[in-house]
1. Calculate the spin-label point distance for Thr73 paired with Ser163, positioning each point 7 Å from the Cα along the beta-carbon direction, and give it in nanometres.
2. Viscosity 1.306 mPa s, temperature 10 °C: give me the Stokes-Einstein translational D for the range 75-165 in µm²/s, with Rh taken as the Kirkwood radius over C-alpha pairs.
3. With loop defined by DSSP as not H, G, I, E or B, and exposure as at most 16 other Cβ atoms within 10 Å, which is the longest segment of the chain clear of exposed GluC sites (Glu not before Pro)?
4. What's the carbon and sulfur percent of the range 16-129's accessible surface, probe 1.4 angstrom, rounded to a whole number?
5. What list of ³J(HN,Hα) couplings, whole Hz, do you get for the range 100-115 from phi and the Karplus terms 6.51, -1.76, 1.60, once you set θ to phi - 60° and write x for glycine and proline?
6. On a straight-distance basis, which lysines could pair with Lys171 in a cross-link, Cα separation under 25 angstrom, same-chain partners fewer than 8 positions away excluded?
7. Quick one: which residues, 5 or more positions from Gly150 or on another chain, have an amide H under 5 Å from its amide H? H modelled 1.01 Å from N in the peptide plane, none for Pro or chain starts.
8. With the Cα gyration tensor of the range 1-75 giving a ≥ b ≥ c as the square roots of its eigenvalues, does the rule (a/c under 1.5 for rounded; else a/b larger than b/c for prolate; else oblate) give rounded, prolate or oblate?
Amino acid sequence: MINTHTLARPYARAAFEFAKTANQVDAWFTMLELAACALEQPVVVQELGKPTLTRAHKADLLSNLLAGKIDETFSNFLHIVGEHDRLSLLPTICELYKDYKLEAERVVDAEIETAFELSDEQLQKITAALSKRLERTVKAKQTVNAALIGGLTIRAGDLVIDSSVRGRLDKLAEAMNS
């Protein structure tokens, strides 16, 4: 089975490159989010799933649904995606487009998981240190997970930093079992 990211990547890259050239990166991201959101609605899924509809009619249906919220070039993009029977990939295309957008803006999303709620000052210090290490602007999102016992884990792109007590206990148990 082919990975959906593999199938969606060329469309996301092409959309991003076009939007960047046209200086419409944010507008295209908004339109992609709308299209992806529309595809998550059961009524839309049911309509697009009808076997009597051609690929072109499915793209027309989605374009008409989003009329007034998308421009002509985005509608053309939907038709190209639809012609190749890839409309179901729009949420993944949107996700990959966001990654390209953040990369171009030198921004990274970071998930900071802690055992206890951090103060704003602590969160700012962690974010500043992470920004310095990654040489990017960091958008931090904090979640609390009491199972960590203490410390924190940070996930930013491919980087994972686990300095939690739970992580250390797991490493110790693994070392003792080896």
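The values are calculated or read from the model by the stated rules, or taken from the named source; none is laboratory data. Values in this document were obtained by computation on a predicted structure and should not be read as measured data. In this analysis, Cβ positions are derived from the backbone assuming ideal geometry, glycine residues included, and neighbour counts consider all displayed protein chains. Note: accessible area is taken over every heavy atom of the protein model, side chains too, but ligands, DNA and RNA are not part of it. Shrake-Rupley method; radii C 1.70, N 1.55, O 1.52, S 1.80 Å.
1. 4.5
2. My calculation gives 105 µm²/s for D.
3. Details: sites that count: Glu40, Glu105, Glu117, Glu135.
Within the chain, the longest run free of exposed GluC sites (Glu not before Pro) spans 41-104.
4. Numbers: 3510 of 6580 Å².
On the range 16-129, the fraction of accessible area on carbon and sulfur atoms equals 53 percent.
5. Computed from phi, the couplings for the range 100-115 are 4, 5, 5, 4, 5, 7, 6, 10, 10, 7, 10, 9, 10, 9, 10, 6 Hz.
6. Those lysines meeting the cut-off do not exist here.
7. When sequence neighbours closer than 5 places are left aside, the close amide H contacts are Val165, Arg166.
8. Since a/c reaches 1.5 but b/c is at least a/b, the shape of the range 1-75 is classed as oblate.
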